[in-house]
Each structure stands twice: as structure tokens, then as C-alpha cells.
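Worksheet: one structure, shown below.
Quick note: the coordinates plus some simple rules give every number you see, no bench work behind them. Just so we're clear, the structure is a prediction, and the values are computed from it rather than from any experiment. In this analysis, Cβ positions are derived from the backbone assuming ideal geometry, glycine residues included, and neighbour counts consider all displayed protein chains.
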Amino acid sequence: MSDSRPMARRGLGTRVIHGVAAERPSAVSTPIVHSVTFSFGSLAEMQEAQKRGAAGAFYQRVGHPTLHACEKRLADIEETESALLFSSGMAALTSLFLALVRSGEHIVALAQCYGGTLEALQWGADHLGWSLDLVDAREPRSWAATMHRGKTKLFHIESPTNPTLCVLDIGEAARLAHAHGALLSVDNTVPSPIGQHALRLGADLVMYSATKSIGGHSDLLAGAVLGSSSALESIWQVRSIFGAVPDPAVAWLIERSLKTMAIRVERANSNAQELAQRLSGHAEVTRVYYPGLERHPGHETARRQMSLGFGPLLSFEVRGGDPASEAIVDGLRLIRHAASLGGVETLVALPAHTSHRHLSLEERRRAGIPAGLVRISAGIEDVEDLWSDLEQALALVGAERR
Ligand SMILES: *Cc1c(COP(=O)(O)O)cnc(C)c1O
């Protein structure tokens, strides 16, 4: 017997696996269609496919069946009309900026945004002539003064931010953007599509580095933008012009990874919560940044906005500043030292040497990145093994200090 409940009312853990109702009989795993071009029985049929825009398939750069299968699955998870996949998170972001903002127009973004985002926005200001204001995620009352009706087209935010886990009220950011005639875009990479529904909270567009929790295995590079079909039309046009489209093998791998996203994210989030709590009680740790901790200033907002926990990312400060944080990273045996986040393996990174390496100590302090900050992206290992590894590395620096 078939379950006749509408797909949209089934749980997310089911929808990541089954997507929208499949035709029967059909392949259980989506076929990889490796063709670059598609033939038609008549000119009229070809024109029909061309007219379908982002949903059509007549040439791979414009869109292809394996890509569409994955985009449909993503849009269903996000409960929105459309999704567009890109060959990296940066390709997704830059396509969004290029499509929505013209020379002479204005963008407001967070000073705490991902480093690559800030670089892209500054590059656009220098080369393409849009103007840019960066606001502090911790000072929401200061945001309105930077927005100008008729000029500001886009407010671009992240929540929680990386690496200091500031939590923003997405609904409040949306109301502010809309009051000034601008759109709100949210980089929802850190919480993942399972952990936060930015569109439901008021965003016009949501984007992901699919390299992180969507791919989840540190083995593919991709990005995504989601929203209404009309909002995505101009972004699709930019993707077709610049050509940053995942090929069929990558599109298939993204869809394959989506099926385990719910359980991966749930487990990683619960590991992050446990590590944050245990680190909070450790003598060598002076401060822990994690929205799942009750005393985190954004805890109540995060509770309202996030689901299945508070994300895989946490940071902490250690006694002894930068030298101690460097010794910890060198002392870890199981937790790997690498950039990136949202994978099945727990990774550690020092923001001072990755995302914020071009800044002086003083500039880092102003950007809210304290000396000795260690960032962890929790994976899905047994949490006791992760904790033992952290404990032994913290003991090493403790012994050295004494
Ligand atoms: C990694 C990341 C990006 C960039 O994505 P790529 O897939 O590396 O191009 C953008 N935003 C955030 C928050 C990220 O973590």
C-alpha cells in the first residue's frame, strides 16, 4: 500500500531521502546523465525545452537532468519553489551579487561574513562600481543608518557567524531590509538546510556552500541558491553566462549526500553541544562560543530560529593566547587540522591563521577575533573519543604553562 500523505507533510528525515513522489517504476538512485547536449524530434520541441529556462535541458551549462533532480530535492527540503546549484559556494554567492546589484547600487553586509564573501564584495566595489557598507553583527541598532531606500538593493547576512558564533534575528534583518526596499539574502551554510529555515524566517534568498554540511564528506565543492522561481530567474541567467554549473557526477554526489544529511547534522550538532559544555568546565579554557549554551547572548534567538540543535561549529579561547592555541592544534591526534566545516570528520582550525590571517593582532581584536581562539567543526565520531583528544591536548598546554 502506498502512503497517500502529501510529501510536504512528511518529516525532513524522510524527504531528504525520497524527495517529491517518484514515478514508478524508476531507478531508486538517480541516474547520472553524462550528455552535454540533448536532441529533439522537432524544432518546436527544442524551443519548448529552451523556453523552460532554469528547468529546461538542452545543453549542460544551462541545466541538465541530474542537476535538476538534485535541485528539486533541495527545493523540497527548503520548502521553496526553486534551487540552483553552482560549482562552488563562491560561485553561488558571486552569481547572487552580480544578478541583484548593479553599478552605482549599494550592498550592506556583516563585517563578520565569511572571508571570501568580504573579498568578493570588495572586489565588486573596486571593479564593478557597487558601494558597500559593513555592519557589526553584534550591533543591530546600528544597521538602519547604513540603508538607503532606492539605493540599497541587498542586505547579506549569516547566522550564526563564523568563527565567533554571533546570532542574528533573521526576521528583524528581513523587516529592516524590506522597509528600505532591499532584499535579504542569508548565507545559511553553518546551520545547514536541516538546521535553519532562513526563508521561513523572512529571507528572500538563501545560499549554501554545499561543500560543507550538504556534501558533508569533504570530497566535493559546490554551492546553492534557493528562493522563489521569479527571484532566481536573474541568478540563473548569470549562472548560464559565467558557466559555473556542477557536472552530472558532482550533481549526483550532492544528491546522494543529501540523503544522510539529517542524521549527519543531528549527530554533529549533538557532538558540538557536548564538546561546548565540557570545554566550558575546563580549567585551561577561558571562554566558549556556542549558541547552544544558555549564557550565550543569542541563545534564545537561536532556540527560536534553529532546529535539531545549534550547528556543528564552536570556538573557544584558551589561557596563554596564540602560543597555547597553536600548541593545542599541534597536540591533537584524532581531530584533524584543516580549513572547512560541516564534514563527517571533526576539524580544528585557528582563525588567526586561516580566515583572518591577513590581519594584525589589533585588527583581529577589532573584528572580534580574540587571541588564542580555536575553532572546531564537530563531525559525527564517538564524542568520547573527541573529548579524550581535546583533553590530552589541553593537558599538554596546561603542563607547559605550569
Ligand atoms: C565555505 C564557505 C563559503 C564558500 O564556499 P566554497 O564552497 O568554499 O566556495 C561561503 N560561506 C560560508 C559561510 C562558508 O563556510
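Charging the Cβ of each Asp and Glu at -1 and of each Lys and Arg at +1, and nothing else, the dipole of the chain about its Cα centre rounds to 620 debye.
Can you sort MET207, MET90 by how many other beta carbons sit within 10 Å, fewest first?
Working: MET207 28, MET90 19.
By the 10 Å Cβ count, ascending, the order reads MET90, MET207.
Available extension along the chain between LYS259 and ARG295 is 9.6 nm, counting 0.36 nm per residue and deducting the alpha carbon span. Residues within the reach of a label modelled at VAL36 (point 7 angstrom out along Cα to beta-carbon, backbone nitrogen below 12 Å), restricted to the stretch 52-75, are 59-61.
Note on ALA144 and GLN50: their simple-model spin labels are 5.0 nm apart, each label 7 Å out from Cα toward Cβ.
Can you order the peptides 351-364, 379-392 by their average number of other Cβ atoms within 10 Å per residue, highest first? Don't skip to the end; give the middle numbers.
On the way: 351-364: 14.9, 379-392: 16.5.
My ranking of the peptides, most packed first, is 379-392, 351-364.
Quick one: Debye curve from the C-alpha atoms of the stretch 1-129, no solvent, what's log10 I(q)/I(0) at q = 0.16, 0.19, 0.21, 0.22 Å⁻¹? Computed log10 I(q)/I(0) values: -1.01, -1.14, -1.22, -1.26.
Summing Lys and Arg as +1 and Asp and Glu as -1 over all other residues whose Cβ lies under 11 Å from the Cβ of THR286 gives a net charge of 0. Sorting 229-242, 126-139, 66-79 by their mean Cβ neighbour count within 10 Å, with the most densely packed peptide first, gives 66-79, 229-242, 126-139. Taking N as the residue count of the stretch 216-351, its C-alpha radius of gyration divided by 2.2 N^0.38 Å amounts to 1.30.
For LYS259, the aspartates and glutamates whose Cα falls under 13 Å of its own Cα, not counting residues fewer than eight places away in the same chain, are ASP76. In terms of overall dimensions, the chain has a Cα radius of gyration and Dmax of 21.8, 81 angstrom.
Can you find, among ALA54, VAL344, LEU394, the residue farthest towards the positive end of the dipole of the chain? Put +1 on the C-beta of Lys and Arg, -1 on that of Asp and Glu. Of ALA54, VAL344, LEU394, it is ALA54.
Based on other C-beta atoms within 10 Å, arrange GLU158, GLU284, GLU119 from fewest to most. Don't skip to the answer; put the middle values down first.
On the way: GLU158 24, GLU284 20, GLU119 13.
The fewest-first ordering by Cβ neighbours comes to GLU119, GLU284, GLU158.
Spin-label pair SER229-PHE242: with each label point 7 Å from Cα along the Cα-Cβ axis, the two points sit 2.5 nm from one another.
Take peptides 49-60, 306-317, 287-298 and line them up by average Cβ neighbours within 10 Å, highest first, as a rough protection proxy.
Values: 49-60: 15.9, 306-317: 24.7, 287-298: 18.2.
Descending mean neighbour count gives 306-317, 287-298, 49-60.
Sorted fewest first by neighbouring Cβ atoms within 10 angstrom, ILE157, ILE214, ILE263 come out as ILE263, ILE157, ILE214.
Derived scalar couplings between HN and Hα for the stretch 262-275 equal 4, 6, 5, 5, 4, 5, 4, 5, 6, 5, 4, 4, 5, 5 Hz in order, rounded to whole Hz, by the Karplus curve 6.51 cos²θ - 1.76 cosθ + 1.60 (θ = phi - 60°), x for Gly and Pro. With Cα atoms as the point set, the radius of gyration and Dmax of the stretch 315-402 evaluate to 13.0, 38 Å. Can you bin the stretch 60-186 into rounded, prolate or oblate? Criterion: square roots of the alpha carbon gyration tensor eigenvalues sorted a ≥ b ≥ c, rounded for a/c under 1.5, prolate for a/b above b/c, oblate for the rest. Note, shape of the stretch 60-186 comes out prolate.
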